Amino acid sequence: MAIRERTFRFTGAEGASIAGFRWADDAVTPRAVLQVAHGMGEHARRYKAPLEPLMTGGWVIYADDHRAHGLTVEGPEQLGDFGEHGAELIVEDLHELTSLARAEHPDLPIILLGHSLGSFFAQAYVFDHSKAIDGLVLSGTAAFGDRRGPAKRLDEIRMDGEAPRTPYDWLSRDPAEVDAYIADPLCGFSRKPGSEQRASPASPRGCAIRPRSPESARTCPSMCSSATWTRSTTTSGCCSRSSIATRPRACGTSRSRSIPAAATRC
């Protein structure tokens with residue numbers, strides 16, 4: 001196995017400089033491209049190790065650090081600060097990265113994987129750019145506005161009925177993974193005060209499903225997972241699979257499939 005990482009900067013929406021990553025096994029002929037949209041309070045490089053089995057199977061991985069995250073920020077004081085219209089701009093940044101991947105691999109299918117907060121950016125993405133990708137995977141997701149019952153803080157979740165060892169035990173059942181997350185200076189932060197609305201990608205898309213014209217629609221398969229997918233099994237999310245499934249179909253995707261939490265554990 002000869003996994004090679006390439007780091008680069010690309011120009012995102014409104015001229016922003018965004019940190020990008022490409023991972024591939026140079027010993028394997030590329031078969032497909034997976035683009036990753038990471039979650040809140042983390043960064044793209046956390047996905048490299050769990051995705052190595054895909055790389056050895058011929059998948060080329062592209063990912064970026066969203067605005068307010070990772071190497072895209074200029075300093076730690078910017079972590080969690082999405083800026084004006086930050087969520088909408090992140091969606092456009094993702095599209096720019098798709099375009100770069102398409103230019104480098106014009107003959108390969110591109111699948112967009114959005115995890116947690118990244119899954120909401122991915123849901124918004126397919127309303128505007130469904131023609132740019134060939135498939136969609138939503139991991140640890142929910143439908144816009146589909147909250148049932150009172151919300152519970154993640155640090156209040158008990159794993160297997162036990163009291164949490166740390167405020168981040170919800171992340172994984174593997175204590176080593178939790179400790180690594182806590183020790184990572186680019187992880188564990190939340191949105192800066194006043195940045196909540198700027199980080200919400202649901203705005204016009206979450207309120208109503210807009211019909212798309214035949215010219216803008218793109219037929220591609222989609223998959224929804226209500227659990228996270230990393231090496232260490234984590235908590236299941238709460239999502240209404242039926243309501244999520246209507247959203248990709250509304251923007252031109254098809255063959256939407258939901259999978260149970262147990263099926264995503266690896």
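Would you pick out the residues in segment 105-131 that are in contact (Cβ under 8 Å) with a residue 24 or more places away in the chain and more than 11 Å from Ala37 (Cβ to Cβ)? Working first, answer last.
Going residue by residue through segment 105-131, those that are in contact (Cβ under 8 Å) with a residue 24 or more places away in the chain are 105, 108-131.
Within segment 105-131, His105, Leu108, Pro109, Ile110, Ile111, Val126, Phe127, Asp128, His129, Ser130, Lys131 meet the criteria.
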Any residue that is out of contact with any Ser or Thr (no Cβ under 6 Å at 6 or more places or on another chain), at pLDDT 90 or above and assigned to a loop (DSSP other than H, G, I, E, B) - is there at least one of those in segment 122-138? yes
Answer yes or no: is there a residue in segment 5-17 that is part of a strand (DSSP E or B), closer than 19 Å to Ser119 by Cβ, of a type in the set (S, T, N, Q) and touching a residue at least 60 places away in the same chain (Cβ under 8 Å). no
I'd like the residue in segment 93-108 that is closer than 18 Å to Ala16 by Cα and of a type in the set (D, E, K, R) and, out of all such residues, is surrounded by the most Cβ atoms within 10 Å (Cβ to Cβ). Asp93
Restricting to segment 160-193, what's the tally of residues that are assigned to a helix (DSSP H, G or I) and not small (Gly, Ala, Ser)? 9
Selected residue [among the small types (Gly, Ala, Ser), touching a helix residue (DSSP H, G or I) at 6+ places or on another chain (Cβ under 7 Å) and on the phi < 0 side of the Ramachandran plot] from Gly20, Gly83, Gly57: Gly20
Can Glu52 be described as of a type outside the set (S, T, N, Q), modelled with pLDDT of 95 or more and closer than 23 Å to Thr141 by Cβ? no
Among the residues of segment 103-121, what is the count of those that are farther than 13 Å from His66 by Cα and either part of a strand (DSSP E or B) or in contact with a Leu (Cβ under 8 Å, 6 or more places away or on another chain) (or both)? 4
Considering each residue of segment 53-68, count those that are in contact with a Leu (Cβ under 7 Å, 6 or more places away or on another chain), farther than 11 Å from Ile3 by Cβ and buried (at least 23 other Cβ atoms within 10 Å of the Cβ), and give that number. 4
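From Ile111, Ile90, grab the single residue that is crowded, with 23+ Cβ neighbours inside 10 Å, over 17 Å from Pro185 (Cβ atoms) and β-branched (Val, Ile, Thr).
Details: Ile111 fails: crowded, with 23+ Cβ neighbours inside 10 Å.
Only one candidate passes the filter, namely Ile90.
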Scanning segment 32-87 residue by residue, those without any contact (Cβ under 8 Å) to a residue 24 or more places away in the chain and out of contact with any strand residue (DSSP E or B) (no Cβ under 7 Å at 6 or more places or on another chain) turn out to be Pro53, Val73, Glu74, Gly75, Glu77, Gln78
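Quick one: count up the residues across segment 66-100 that are charged (D, E, K, R) and either within 13 Å of Leu117 (Cβ to Cβ) or part of a strand (DSSP E or B) (or both). It would help to see each step written out before you state the result.
Keep residues of segment 66-100 that are charged (D, E, K, R), which gives 67, 74, 77, 81, 84, 88, 92-93, 96.
Then keep just the ones that are either within 13 Å of Leu117 (Cβ to Cβ) or part of a strand (DSSP E or B) (or both); that gives 67.
Number of matching residues: 1.
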For the structure I just gave you, tell me whether Asp146 is among the acidic types (Asp, Glu), surrounded by fewer than 18 Cβ atoms within 10 Å (Cβ to Cβ), at pLDDT 95 or above and in a loop (DSSP other than H, G, I, E, B). no
Could you tell me how many of the residues in segment 183-212 are of a type in the set (A, V, I, L, M, F, W, C), modelled with pLDDT of 80 or more and surrounded by 13 or more Cβ atoms within 10 Å (Cβ to Cβ)? 3
Residue by residue through segment 11-52, note down the ones that are under 19 Å from Glu92 (Cα atoms) and surrounded by fewer than 16 Cβ atoms within 10 Å (Cβ to Cβ). Thr11, Glu14, Gly15, Ser17
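The values are calculated or read from the model by the stated rules, or taken from the named source; none is laboratory data. From a predicted model like this one, the values you see are computed outputs, not experimental measurements. Counting neighbours? That spans all protein chains shown, and the Cβs are built from the backbone with ideal geometry, glycine included.
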